[in-house]
Structures are given as C-alpha cells and as structure tokens.
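This report refers to the structure that appears directly beneath it.
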Amino acid sequence: GGTTGFNSSTNDLTVWGNWGTSMKWGRQWSDKWYTNSILAYSNYFSDRNLLNSTEIIREDSVTTRTQGIVEKNDLKDITLKIDNEVLLNSSNQLEFGVQVTGNDISYDLSRNDTIKILDRKDQGITYALYAQDRWTPLKNLTVIPGIRVSYFDVTEEFYFEPRLSASYMLTPKIKVKGAWGKYYQFATRIIREDLSQGSRDFWLLANGENNPVSSSIHYIAGIGYETDRFLFDVEAYYKDLAGLTEYTLRFPGPRRGELDELFYQGTGYAKGIEFLAQKKAGKYTGWISYTLGQVMYDFPELSEDPYPALHDQTHEFKI
C-alpha cells in the first residue's frame, strides 16, 4: 500500500570538558635573580553523537532509517617551562626561559558508525627559547623588546616571533602605550563550515600540509588615565591572521571522494576598539567595558568575498 505517514526524531548529544593540573617550583637565587619552573598537564575532550531516525509508515509495514555522525576530539598537552628574571641594573630587567610542549591530539569523525570520514591521531613536540628586556631608558619611558624562537618537530622548522611594546607616562596620571608582535600556534582551530553536520569547530595539530601552522601579527595602541580611585582606558587593536583552516563536507569540489582532504586555507583580520572604566577604591568597586569589534575571514575557494567569522561580534558589553 501507499505511505500513510512519517515520524522523524533527532538526538544530538555533546559531552565536553577539560581538566588540568600543574606543579610549580620557584627559587630566589639572589636579590637580583629569580627562577620559576612549572610542569603542567591538561586535557580537553569533546564527544558528539548526532542521530537522526525516520519511521516510514505504510499500511502494511513500518520501515526505520537511521543516519548519524559521531565526532570525537581529544587534546592532551604536557608542558615544562623554566622562567628566569634577572635584574641587570636599575634600567634593565632581563627575562629569559625555555619551554617544551608535547601535544597528543586526536580527531575521529564517522558517519553511520561505518564510514570513517576523518581519523587523525597526531603527536608533536614544540621546543621554545625566549628572552625579553624591560628597559627604562628614561624615567617616564619603558620599552620591552623580545624574541621567541620555536622549533616544531612535525614540520621540522624554526619559527621566529619578535615582539616590541612600549609605554610612556605623559603626566603622572596619563599613559600612552603601544605593542607589536608575531605569534604562531601549532594546535590549530579548524572551523566547521557545515555547522549542522557537526561541532562549530574542532582542534588538530598542524601538519604543514592540509593544516598549516596558524599565525598572526598584532598591532595595539592605547591611552590610559589612572588615579588612586579610577582607571579609564581606551585601546585599539588590529590582528592580521594567516594559516586559517576551514573544513566542510558540503563542497567536495575538485577533490571529490578524498574526504580527509576537504580542508580549505584562508586568511583574515580582527580589529576593534575597547573602552574600560574602573572604580578601584571606596565602598563600591567594579568595572564596565565595551568593545566594538570585527573579525573577517577570506577563503577564496569557499567564497568570492570575505565574510564575518563565526565568533565575529560587533558589540560586547561587560560589567
């Protein structure tokens, strides 16, 4: 006989969380030299089970069809960090250190329990050295030049991250400040283009191929007014983003069938201005902040024009 009805139900369950632990050891070697060591372990996990069940009811039978997606993401991070602070003289405070980070990141995406779409199990170690000098050439001026050098054993490459920041006291209460820096990230956030088919993002370890090491260049400038009771601060920022990755099952494009290669590379920028007002003393204390911001992504293979990122937020107000 003919079909007399449909029943459809969707079960979408996500369990996620993280935990971490750390041990810290510090030693004051002299009145001018201090060492701080940290050993830390953290784990983030996200398990998603999306199941759609449809009953097709006919006069003489009921047929049930189920389809679903299972998505599991697990990040483990173990880090050893040794920081040193050395007071060289009255106008130079040197900070330098080493850091070793081991990452174990897995991501498993299956359809209908049988089709493995992605099955990534990545391990990598990042070794880093850094140094920066808090230099006070003039009474009212502080300049902090710095450099960080990282070696990532997956790509077998060195990454240089110079930074520079400065602040100047115009008056005892008004400070102007600026900063610039290059940053790399080896555990990369992958944005899901087809939201309805999975989580809005997941994490993979960069491999230099379909998941490049992501990077950004930051430009920041601001001015602050501070008294014993009040602080007013305005800061503008611009961040140039590169090595972004999106993943989608909607547009197989020229690589149809190679499901593990449905990654697309892009660039982007984030810019904005932040306002902060804080009352620091008295019977009532607190702060109010407002940010006017924009985050735009440019993925030429997915869209002709740049478009707002998922986390683009024009207005943000906090109290």
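The values are calculated or read from the model by the stated rules, or taken from the named source; none is laboratory data. As the structure is a prediction and not an experimental result, all values here were calculated from the model. Cβ placement follows ideal geometry from the backbone for every residue including glycine, while neighbour counts extend to all protein chains displayed. Protein only, heavy atoms only, side chains kept; ligands, DNA and RNA dropped before computing areas. Shrake-Rupley method; radii C 1.70, N 1.55, O 1.52, S 1.80 Å.
Okay, here's what the table says:
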quantity: Search result, residues across segment 282-319 that are under 22 Å from Tyr238 (Cβ atoms) and exposed (fewer than 11 other Cβ atoms within 10 Å of the Cβ); calculated: Asp305, His315, Phe317, Lys318
quantity: Evaluation of Asp113 against (1) open to solvent by less than 80 Å² (accessible area, probe 1.4 Å); (2) on the phi > 0 side of the Ramachandran plot (one fails), failing number; calculated: (1)
quantity: Options Tyr219, Tyr225: the member that is under 20 Å from the mean Cα position of the chain (by Cα) and either open to solvent by 40 Å² or more (accessible area, probe 1.4 Å) or farther than 20 Å from Leu302 by Cα (or both); calculated: Tyr219
quantity: Qualifying residue in segment 125-133 (condition: within 30 Å of Thr14 (Cα to Cα) and either in contact with a Ser or Thr (Cβ under 6 Å, 6 or more places away or on another chain) or not charged (D, E, K, R) (or both)); calculated: yes
quantity: Condition broken by Glu209, with the remaining ones in (1) part of a strand (DSSP E or B); (2) open to solvent by 50 Å² or more (accessible area, probe 1.4 Å); (3) closer than 21 Å to Tyr297 by Cβ satisfied; calculated: (1)
quantity: Unmet requirement for Leu75, which otherwise passes all of (1) of a type in the set (A, V, I, L, M); (2) open to solvent by 40 Å² or more (accessible area, probe 1.4 Å); (3) under 30 Å from Gly97 (Cβ atoms); calculated: (2)
quantity: Filter pass, Asp83 being open to solvent by 60 Å² or more (accessible area, probe 1.4 Å) and of a type outside the set (A, V, I, L, M, F, W, C); calculated: no
quantity: Unmet criterion (only one of (1) surrounded by fewer than 14 Cβ atoms within 10 Å (Cβ to Cβ); (2) in contact (Cβ under 8 Å) with a residue 12 or more places away in the chain; (3) touching a strand residue (DSSP E or B) at 6+ places or on another chain (Cβ under 9 Å)) for Thr64; calculated: (2)
quantity: Residue within segment 246-253 that is among the polar types (S, T, N, Q) and at pLDDT below 90 present; calculated: yes
quantity: Qualifying residue in segment 228-236 (condition: open to solvent by less than 70 Å² (accessible area, probe 1.4 Å), more than 17 Å from the chain's Cα centre (by Cα) and modelled with pLDDT under 95); calculated: no
quantity: Residues (closer than 25 Å to Leu241 by Cα and either modelled with pLDDT of 95 or more or not in a strand (DSSP E or B) (or both)) located in segment 263-288; calculated: Thr267, Gly268, Tyr269, Ala270, Lys271, Gly272, Ile273, Glu274, Phe275
quantity: Which listed residue, of Gly146, Gly97, Gly181, is buried (at least 16 other Cβ atoms within 10 Å of the Cβ), touching a Lys or Arg at 6+ places or on another chain (Cβ under 6 Å) and within 27 Å of Trp29 (Cβ to Cβ); calculated: Gly146
quantity: Output for segment 20-59, where each listed residue is more than 24 Å from Asp83 (Cβ to Cβ) and either without any contact (Cβ under 8 Å) to a residue 40 or more places away in the chain or exposed (fewer than 10 other Cβ atoms within 10 Å of the Cβ) (or both); calculated: Phe45, Asp47, Asn49, Glu59
